[in-house]
Amino acid sequence: MSKQKGNTNKRKITNLLLMLVILFAAGWMVNYYVGIIGDSHGKSGLFAQQVSEFEHPDILYISANEPFPAEGKYCLACHQGIEPARPIGSKMMQQILEKGASLGDPNGCVICHGGTPAELHNKDRAHSGVPKGSLLKAFTPVPAALQVNNNTCGQCHEDHVYNVRLSMMNSDAGKMKAIAWSFGIGTENYDHVHANSTLVDTDGEIPRFGTRQYINYMQEMAATFPGQFPSELKEIPAVSAEDIKTNPELAAFTYLRNCNACHLNNKGNQGRGHYRGMGCAACHSVYSNEGFYEGGDPEIPKDKPGHLMVHAMQGTRKSSVRFNNHELSGVQVSTCAACHAAGRRIGHAYQGLMALDDSYNRGPFDEKGFPQKPNAGYVFKYMQADVHRQIEKDGKTVTGLLCQDCHTTNSMHGSGNIDVASLGAIEIECADCHGTPTHYPWELPLGYGDEFGKTLDMKLARGVADEPLEVTKEFGITYPKEDGYLLSARGNPLGNVVRRGNRVIVHSDGSNNEFELITLKEIAKEKSWKNPIDAKVAMVSTKHVEKMECYACHSTWMPQYYGYKYVIDYSKSSTDWLRSPQLYGADGTTADYHKKFAKQPGAPTYGDYRMHLWASMVREGFRPWSA
C-alpha cells in the first residue's frame, strides 16, 4: 500500500513539474510574441518620429482667400461661391486665368469645361459649345477624363497625360496576367499581352521622367525582362457562351470584363466608398465616402450623392482643400482606397481596416446596435494600421504618411512606358530610407532590394542627389536638400526625403510635418534594438535581408483569398466595365457615367468569401504574403 501511495505521489509531482514547464513555456511565448507585436508600433528607432512643423514658401499663399477676377459674372453669375480648382494665387491657377481671359472668360472656367460663359439665362446654352480657340469639341462636365484630357489637363501636363494612359492604373495589365494565369491561360511564359484597352507606346523605350542613371537602369531591366516591358498591349477579348463550351478557361475574360470597374478610363462603381472622378480626377478630386458636395456652389445639389466634395484639386501641400472649417492636403488615403479596396485591399489594410465576409454578420455594431454601412462594398473590423500610417509622438498616435509620401510620380502617373507589373513600375525599396544594419541608405548600390536578379557590388555607394527631379521642381514642392536628397533603388532622387547627418527626414504632403527616421545602421551601431537577439538573428547573422522583402516578417496581417469560389451563369448578362467607357460622346461622358452600361454574356451568381481571412505573421509563421 505504501509503495502504491509513493508511486501516486511521484506521478503527482511529475505532473506538477510538467505543468509548470508548460506554463512557463506558454508564458514565455506569449510575452515574446506580444513584444513583437507591440514593437511594431512602439517607440522603436526603426520607425519615424514626428519632430517639427515645416513651412515652405511655396505654400504660404494658400492662407490668402483671394477672389476670382470677375466675381458674380460669366459662369459665376450662377456658380458664385464655387471653389477655385487651385488657390487663386498659385502658379497653376494664374495660368488658367490667363488662358481663360484670352478666350473671353477671365475666371478661366472654359479652359477645363468649355461652354458659353457669356450666356447668363439659359442653362443648356451656357453648358454647350466652346469658345473660339478652345481645344475642346464640346462642353464637358468631366474635363479630367481620359476621353478628353489631352485638350484640358494636357495643355500644361502633356507628359503626365501621356504617361497615365500607359500606367498600371489604366491598363490593369498585371491583374489581367495573374487572373488569366490562374484560369490556365498564358501559362507558357510570363509575358503580359492584355490590358483593359489596346495600348501602344508610341514614343519609344526611354522613360519621360528620370535621371540618366534611372533611364539606364530601366532600359537594362526592359532588355532583361522583355515580356514585362511590352511596347503594346491588346484589349482582353469578349467571349460568348459558345466560346466557353469549347474553352471554359476563357471565363477568366468574362470575370475580368465584369470586375475591372476601377481603371481610370471609366467612372466606376458609384456607391458608398467608391465615389471618384474619371481620369486625372480619380486621384486629384476629393470625394467623401457618401459622395455629397460640401462646397459653396448653390447650383450643385448637396442632397444627391455622386458629386465631388469640393471643386478643388488635391495634390501636394501647395493645393490644400478647404471645407467646413477643415483643411486637407495631399491625395487622401480614402481617395486611393476608392479603387484599392479590392484585390489586395491595400487602401484599407494600410489604415488597419480588415474587410469582413458575411459570416461576421456585418461587422461590429454601433452604440445603437445598428450594423455598419458598407464602404466600397465591405464592412470592416479595425485590426492594426501600418506603422507608416500610425506613428508615435510623445506617447500618442499621430497621423503618419500618405501613400504618395513613398510612391513616386513614375509609380503613380507612369513613366511613359507600358508598366504591367508592380515590380516593373514601383521604384522604391524599404532600404532606400531605412538602409541595412551594415549600410546607410546612401552607402547602398543602386538596385539593392530590387528584383533584378544580378550580383551587386556593395562598394558602389549610390550617394545622394543635389537636386530633385525637374518634374518635382515644376509641379511639386522643392524641400531644402540639407545633406542631400536620398535616391530610390533605381536612381531617382526622392524629393521629399533628405539626409540630415546620419538620419533621414521624410516630409509628408499630408501635413506641415517632417518625420525623423533612425536608420538600421545607427541602431546596430548603438545596439539599441528592442529585441537584440532576435534582431541579430533576423538581420545580421543570417541572409534574410538579402533574400526576403522586409514586409515578409514585418507585416502583422494581410487579407487573403484562400478558397475563393466564383460562379458565372452564361444564361444571364452582366456589366462590361471595359466596353462601357469606350461608348462616349464629344463631351467625354461615358456609358457608365450615365449608368447606361454595356452588357456582356455571363453574370456572377456566387462568390464564396468564407476563406477570406486575416493572417498574422505570429500565428501563420513567416511567409512573404503577396496577395
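Take Thr152 and tell me if it is touching a Pro at 6+ places or on another chain (Cβ under 6 Å) and open to solvent by less than 60 Å² (accessible area, probe 1.4 Å).
Taking the combined requirement at face value, the residue satisfies it.
Of everything in the stretch 553-599, what is crowded, with 21+ Cβ neighbours inside 10 Å, among the charged types (D, E, K, R) and in contact with a strand residue (DSSP E or B) (Cβ under 6 Å, 6 or more places away or on another chain)? Give them in sequence order.
Across the stretch 553-599, the qualifying residue is only Asp576.
How do the pairs read when you match residues in the stretch 165-192 that are farther than 15 Å from Tyr255 by Cα and without any contact (Cβ under 8 Å) to a residue 12 or more places away in the chain with residues anywhere that are open to solvent by less than 50 Å² (accessible area, probe 1.4 Å) and in a helix (DSSP H, G or I), using Cβ under 6 Å and keeping only pairs 6 or more apart or on different chains?
Filtered contacts from the stretch 165-192: Gly186/Ala180.
Identify the single condition in (1) closer than 22 Å to Lys599 by Cβ; (2) modelled with pLDDT of 95 or more; (3) not polar (S, T, N, Q) that His274 does not satisfy, given that it satisfies every other one.
Just one mismatch for His274, condition (2).
Taking the stated definitions as given, is Arg490 basic (Lys, Arg) and without any contact (Cβ under 8 Å) to a residue 24 or more places away in the chain?
So Arg490 fails the test.
Is at least one residue of the stretch 320-328 touching a Ser or Thr at 6+ places or on another chain (Cβ under 9 Å), surrounded by fewer than 16 Cβ atoms within 10 Å (Cβ to Cβ) and of a type in the set (Asp, Glu)?
yes
If you go through the stretch 602-610 one residue at a time, do you hit one that is at pLDDT 75 or above, surrounded by fewer than 16 Cβ atoms within 10 Å (Cβ to Cβ) and more than 30 Å from His113 (Cα to Cα)?
Within the stretch 602-610, the subset at pLDDT 75 or above is 602-605.
Restricting the remaining residues to those that are surrounded by fewer than 16 Cβ atoms within 10 Å (Cβ to Cβ) gives 604-605.
Narrowing the set further to residues that are more than 30 Å from His113 (Cα to Cα) leaves 604-605.
Scanning the stretch 602-610 turns up at least one residue that is at pLDDT 75 or above, surrounded by fewer than 16 Cβ atoms within 10 Å (Cβ to Cβ) and more than 30 Å from His113 (Cα to Cα).
Within the stretch 84-133, which helices (runs of 4 or more DSSP H) (wholly inside it) include 2 or more residues that are surrounded by fewer than 20 Cβ atoms within 10 Å (Cβ to Cβ) and aliphatic (A, V, I, L, M)?
Ranges flagged: 91-102.
Which one of the conditions (1) modelled with pLDDT under 95; (2) within 30 Å of Ser90 (Cβ to Cβ) does Leu486 fail to meet, given that it meets all the rest?
Failing condition for Leu486: (1).
Can you find a residue that is of a type in the set (Ser, Thr, Tyr), at pLDDT below 95 and either over 29 Å from Trp557 (Cβ atoms) or open to solvent by 20 Å² or more (accessible area, probe 1.4 Å) (or both) anywhere in the stretch 292-300?
no
What number of residues in the stretch 396-434 are more than 25 Å from Met176 (Cβ to Cβ), in contact with a Lys or Arg (Cβ under 8 Å, 6 or more places away or on another chain) and part of a loop (DSSP other than H, G, I, E, B)?
Going through the stretch 396-434 one residue at a time, the tally reaches 2.
Restricted to the stretch 63-75, and to residues that are closer than 24 Å to Cys156 by Cα and open to solvent by less than 70 Å² (accessible area, probe 1.4 Å), which residue is farthest from the chain's Cα centre (by Cα)?
Ala70
Need the failing condition index for Arg272 against (1) more than 25 Å from Gly184 (Cβ to Cβ); (2) open to solvent by less than 20 Å² (accessible area, probe 1.4 Å); (3) basic (Lys, Arg), just the number.
With (1) more than 25 Å from Gly184 (Cβ to Cβ); (2) open to solvent by less than 20 Å² (accessible area, probe 1.4 Å); (3) basic (Lys, Arg) applied to Arg272, the lone miss is (2).
What pairs come up if the first residue lies in the stretch 208-225 and is in contact (Cβ under 8 Å) with a residue 12 or more places away in the chain and within 11 Å of Ser415 (Cβ to Cβ), the second is open to solvent by 40 Å² or more (accessible area, probe 1.4 Å) and in a helix (DSSP H, G or I), and their beta carbons are under 6 Å apart, counting only those six or more places apart or on different chains?
Arg208/Asp159
Say we look at the stretch 172-229 and pick out the residues that are surrounded by 17 or more Cβ atoms within 10 Å (Cβ to Cβ) and of a type in the set (D, E, K, R); which of these is modelled with the lowest pLDDT?
Residue satisfying both the conditions and the ranking: Lys175.
Just to verify a result, which residue in the stretch 447-472, among those that are in a loop (DSSP other than H, G, I, E, B) and acidic (Asp, Glu), is farthest from the chain's Cα centre (by Cα)? Let's see the steps before the verdict.
Keep residues of the stretch 447-472 that are in a loop (DSSP other than H, G, I, E, B), which gives 447-464, 466-469.
Applying the additional criterion that residues be acidic (Asp, Glu) yields 450-451, 457, 466-467.
On the way: Asp450: 20, Glu451: 21, Asp457: 32, Asp466: 28, Glu467: 26 Å.
Here the residue is Asp457.
I'm told Arg503 meets every condition in (1) in contact (Cβ under 8 Å) with a residue 40 or more places away in the chain; (2) more than 25 Å from Gly424 (Cβ to Cβ); (3) surrounded by fewer than 22 Cβ atoms within 10 Å (Cβ to Cβ); (4) touching a helix residue (DSSP H, G or I) at 6+ places or on another chain (Cβ under 9 Å) except one. Can you identify the failing condition by its number?
Of the numbered conditions (1) in contact (Cβ under 8 Å) with a residue 40 or more places away in the chain; (2) more than 25 Å from Gly424 (Cβ to Cβ); (3) surrounded by fewer than 22 Cβ atoms within 10 Å (Cβ to Cβ); (4) touching a helix residue (DSSP H, G or I) at 6+ places or on another chain (Cβ under 9 Å), the odd one out for Arg503 is (1).
Within the group Lys381, Lys393, which residue is open to solvent by 50 Å² or more (accessible area, probe 1.4 Å), more than 19 Å from the chain's Cα centre (by Cα), within 22 Å of Asn496 (Cα to Cα) and in contact (Cβ under 8 Å) with a residue 12 or more places away in the chain?
On the way: Lys381 fails: within 22 Å of Asn496 (Cα to Cα).
Matching residue, one of Lys381, Lys393: Lys393.
With the requirement that a residue be more than 21 Å from Cys280 (Cβ to Cβ), assigned to a loop (DSSP other than H, G, I, E, B) and under 19 Å from the mean Cα position of the chain (by Cα), what does the stretch 152-209 give you?
Across the stretch 152-209, there are no qualifying residues.
Take Lys530 and decide whether it is outside any strand (DSSP E or B), open to solvent by 50 Å² or more (accessible area, probe 1.4 Å) and modelled with pLDDT of 80 or more.
yes
So which residues in the stretch 509-527 are part of a loop (DSSP other than H, G, I, E, B), at pLDDT below 90 and in contact with a His (Cβ under 9 Å, 6 or more places away or on another chain)?
Asn512 - this is the single residue of the stretch 509-527 that is part of a loop (DSSP other than H, G, I, E, B), at pLDDT below 90 and in contact with a His (Cβ under 9 Å, 6 or more places away or on another chain).
Here is a yes/no grid of residues against (1) within 30 Å of Cys262 (Cβ to Cβ); (2) of a type in the set (Gly, Ala, Ser); (3) out of contact with any Leu (no Cβ under 7 Å at 6 or more places or on another chain):
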site	(1), (2), (3)
Glu83	yes, no, yes
Gln95	no, no, yes
Lys99	no, no, yes
Cys109	yes, no, yes
Gly115	yes, yes, yes
Glu119	no, no, yes
Phe139	yes, no, yes
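Checking Ala552 against (1) assigned to a loop (DSSP other than H, G, I, E, B); (2) modelled with pLDDT of 80 or more, which single condition isn't satisfied?
Just one mismatch for Ala552, condition (1).
State all residues of the stretch 429-458 that are aliphatic (A, V, I, L, M), open to solvent by 40 Å² or more (accessible area, probe 1.4 Å) and at pLDDT 95 or above; if no residue qualifies, say none.
Leu446
What's the number of the only condition in (1) outside any helix (DSSP H, G or I); (2) buried (at least 16 other Cβ atoms within 10 Å of the Cβ); (3) modelled with pLDDT under 95 that Val498 fails to meet?
All conditions pass for Val498, except number (3).
Output the number of residues of the stretch 473-486 satisfying the condition of being open to solvent by less than 10 Å² (accessible area, probe 1.4 Å) and either more than 20 Å from Glu427 (Cβ to Cβ) or part of a strand (DSSP E or B) (or both).
Going through the stretch 473-486 one residue at a time, the tally reaches 2.
Among helices (runs of 4 or more DSSP H) lying entirely in the stretch 235-325, which contain 1 or more residues that are farther than 29 Å from Tyr162 by Cβ, out of contact with any Leu (no Cβ under 7 Å at 6 or more places or on another chain) and free of Cβ contacts under 8 Å to residues at least 40 places away in the same chain?
Working: elements: 241-246, 251-259, 281-284.
Passing ranges, in order: 241-246.
The values are calculated or read from the model by the stated rules, or taken from the named source; none is laboratory data. This one's a predicted model, so the numbers in the text were calculated from it and none came from an experiment. Please note: Cβ atoms are built from the backbone with ideal geometry, for glycine as well, and neighbour counts cover all protein chains shown. Note: areas computed on protein heavy atoms with side chains; ligands, DNA, RNA excluded. Shrake-Rupley method; radii C 1.70, N 1.55, O 1.52, S 1.80 Å.
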